[in-house]
Every structure is written in structure tokens, then in C-alpha cells.
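Structure record follows, encoded as C-alpha cells.
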Amino acid sequence: MLYSKKTPEAKRRDLRAMLVPGAARQFPGAFNPLSARLIEEKKFDGVYISGAVLANDLGLPDIGMTTLTEVATRGGQIARMTDLPCLIDADTGFGEPMNVARTIQELENAGLAGCHIEDQFNPKRCGHLDGKNMVDLDTAIKRIAAAADARRDPNFLIMARTDIRVVEGLDAAIDRAKALVDAGADAIFPEAMKSVAEFEAVCKAVDVPVLANMTEFGKSELFTRDDLAAAGVAMIIYPVTLLRSAMGAAERVLDAIAANGTQESSVAQMLTRARLYDLVDYEAYNHFDTGIFNFQIPSLDIESNNSNL
């Protein structure tokens, strides 16, 4: 009932413990707090909170238009709904090194387990688009050093993302990853790798956990967990998968209503009322104070015979 039973500190320890090279821990992307609870229920390892998803949910493109306040607030709302550790996308850190330092402390306050900071110019672009502009190595190092210095909980994970692979090639990405680890990064996110062999090369080059981004319609193929585990990857994210799936379903239902004058043809694909009540844990609130919460929870069996519920 209500929020997570685990403290943010405990979740950060969990994240540190699970990030073992080759473990390929799976972190689906949550697009709202309830989807984070669903990810936990399906027994995934953790939750990812994508900057693109946060921007798109506001109707904005992923070009650095969201603010630290918006990201920290929504990230905190998602993180508090699950016992799983949540890794959040902090874009370029929302400014210069002093701003990056504040970003880390705000994300700590919001209950996140870690974040990643990238090495693009601000405004940035989606990592799987062309035409990205990269900051110089000194600027990238200063961002990560400021982040590592600012954190108060030593278990808050500072991950460095580098987008330089598409611009300058794999060797440049490996060299930058090494420098960012030296600057204080606890993990590396090499964006837009072209093959499993490239992930393996990065994993062998650094002595910290490596993340693989398995986003649809991007520059990387959708490699399997087994493939990425064999390459030495510690964490896999699926950043926009649930948002794309949910919005695709919403569009199809709206089309059905427009065409048929009713949503009847789509009801069988919907989350039932009973399942939704189960996911938000209505029953626990009922037990908490039956003098106030005295409603009856519909059963799945009843709903299967009554599509109007």
C-alpha cells in the first residue's frame, strides 16, 4: 500500500550489488508510476526512467527542453512506487558543473538509485539520431567529476554516457569511456553501438559495469539478453518500449471508437477493472480502514463474464 517499503539507500545498495559484468540485468522503462509497479510485479531487476519518455509525456521532443525540476519530480513519483532501484536519465546534467552537482543532489533527494550524464552539447539530441554535437573531453570529464564530488550517498550510481561512437567511431568511444571512468564514473553507457562485438570491446576496455540500450527503431539491433550477457554487459534498458506500446494501443482504440461509434471491439485487449484495482492495491487500502474504504473489489472471474465492468 502507498509507496515502496524500501528506503532509497537500500535500493542504491541493491543496484550496486546487481551490476556485475555479464549479469545483463533488465531495466524496462517506466512511463508513469503505475507502470513501475507493473515492472516490479513482472519480476524485472530494476526500472529505467528515460529522458525521452519524460519529455514525450509532456508532448515535447527529446532535445533538452525539460528542466531539472520536471525530471526530478517525475522521477521521484516513479521511484517511490517500487522497491526496485530506478536509474534516471539526467541528460547533460542541466547546465555547467555547478548545475550538474545540484542535479545529483536533487535526484538523491527524489529517491533515485542513480543517473547517467551524457557528453553532448546542450540542447542535446536523442542518442539514436544523426547530427549530434559532442563536447570536448575536458568538459565531459568536468561534468562527471562534479557529479561524483556532489553526491552524499556513496552508493548513488554515477553513470557516464558517451554518444561519440556515431560521430567519431568505436575507438574514440572506448578512449572517452576510459577517461570518464578515471574522472569518477561508476558505470559506462556507450550509446548507439552497432554490434554485440562493439559492446564486448567496451566491456573489455573498462573495469566498471556497462549498459546496453535496446531501444526500438534505433542504430543498435535488438540483441537478446543472452547475447549481451555473453559480451559482458551488466545492464540492459528498454527505455521507450512501454510508452510506445501504450500509445500504440491508445491510438488503435481511438480509431475503433471513431470508426464504430463504440470501444466494444477493443475491450478484450484492455486491462480489466479488477486487474487495475489489483495493480494499485485497492484491497490493502480497504483493509487499512474499513470504516472509510468499504468498497467491494470486483473479481477477475466476474469481469470475464461482464465486459461492462
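The values are calculated or read from the model by the stated rules, or taken from the named source; none is laboratory data. All figures in this text were calculated on a predicted structure; none of them were measured in a lab. Here the Cβ positions follow ideal geometry from the backbone for every residue, glycine too, while neighbour counts run over all protein chains shown. Keep in mind that these areas ignore ligands, DNA and RNA; they rest on the heavy atoms of the full protein, side chains included. Shrake-Rupley method; radii C 1.70, N 1.55, O 1.52, S 1.80 Å.
Cβ under 13 Å from ILE237's Cβ, ILE237 left aside: what net charge do those residues give with Lys, Arg +1 and Asp, Glu -1? Neighbour charge sum, excluding ILE237 itself: -1. Can you send over the carbon and sulfur percentage of the accessible area for the chain, probe radius 1.4 Å, protein chains only? That fraction is 53 percent. Under a Gaussian network description of the chain, with springs only between Cα atoms under 10 Å, the residue in LEU242, LEU137, LEU276 that fluctuates furthest is LEU276. Taking chymotrypsin sites (Phe, Trp or Tyr not before Pro) as exposed when their DSSP state is a loop state and no more than 15 other Cβ atoms lie within 10 Å, the longest site-free interval of the chain runs over 4-120. Computed about the Cα centre, the dipole magnitude for segment 8-239 is approximately 440 debye when only Lys and Arg (+1) and Asp and Glu (-1) carry charge, each at its Cβ.
Relative contact order for the chain: 19 percent, from Cα pairs under 8 Å spaced at least 6 residues apart, divided by residue count. Working from label points 7 Å from Cα in the Cα-to-Cβ sense, the GLU41 to ALA230 distance is 3.5 nm.
Within the set LYS124/LYS204; LYS132/LYS178; LYS142/LYS178; LYS43/LYS204, which residue pairs have Cα atoms separated by over 24 Å?
Details: LYS124/LYS204 28 Å; LYS132/LYS178 21 Å; LYS142/LYS178 14 Å; LYS43/LYS204 29 Å.
Correct reply: LYS124/LYS204; LYS43/LYS204.
Compute the signed sum of charges (Lys and Arg +1, Asp and Glu -1) over the other residues within less than 13 Å, Cβ to Cβ, of PHE156.
Details: positive: LYS11, ARG12, ARG13, ARG16, ARG151, ARG152; negative: GLU9, ASP14, GLU106, GLU108, ASP149, ASP153, ASP186.
Here the count lands on -1.
The GluC sites (Glu not before Pro) of segment 205-275 meeting both criteria, a DSSP state outside H, G, I, E and B (loop) and at most 13 other C-beta atoms within 10 angstrom of the site's C-beta, are GLU216, GLU221.
Between ASP83 and ALA249, the modelled labels are 2.5 nm apart [label points 7 Å from Cα along Cα→Cβ]. Solvent exposure of the chain amounts to 47 Å² per residue of accessible area, where only protein heavy atoms count and the probe is 1.4 Å.
Taking only Cα atoms of the chain, what ratio of Rg to Rh do you get with Rh as the Kirkwood inverse-distance radius?
Details: Rg = 20.7 Å, Rh = 20.5 Å.
In the chain, Rg relative to Rh is 1.01.
Quote to one decimal, in nm, the extra length available between LEU276 and ARG152 on full extension: 0.36 nm per residue of separation minus the C-alpha distance between them.
Numbers: separation 124, 0.36 × 124 = 44.64 nm, distance 3.77 nm.
The LEU276-ARG152 span can extend by a further 40.9 nm.
The trypsin sites (Lys or Arg not before Pro) of segment 1-96 that DSSP puts in a loop, and whose beta carbon has at most 10 other beta carbons within 10 Å, are LYS5, LYS42, LYS43. Label points 7 Å out from Cα along the Cβ direction at THR262 and LEU2: separation in nm? So the label points at THR262 and LEU2 sit 4.4 nm apart.
Legend: translational diffusion of segment 72-118 by Stokes-Einstein, Rh = Kirkwood radius over C-alpha pairs, 4 °C, 1.567 mPa s; D = 122 µm²/s.
Name all residues of segment 66-94 having a backbone nitrogen under 15 Å from the label point set 7 Å from the Cα of LEU60 along its Cα→Cβ direction, giving them as ranges. It comes to 66-75, 89-94, nothing else. Rounded to the nearest Hz, the phi-derived 3J(HN,Hα) couplings of segment 99-110 under the Karplus curve 6.51 cos²θ - 1.76 cosθ + 1.60 (θ = phi - 60°) are 5, 4, 4, 5, 3, 4, 5, 5, 6, 4, 4, 7, where x marks glycine and proline. Between the beta carbons of LYS219 and GLU96, assuming R0 = 30 Å, the FRET efficiency works out to 0.55 to the nearest 0.05.
By the scheme Lys and Arg +1, Asp and Glu -1, what is the net charge of all other residues having a beta-carbon under 14 Å from that of ARG252?
Working: positive: ARG244; negative: GLU251, ASP255, GLU264.
For residues surrounding ARG252, the net value is -2.
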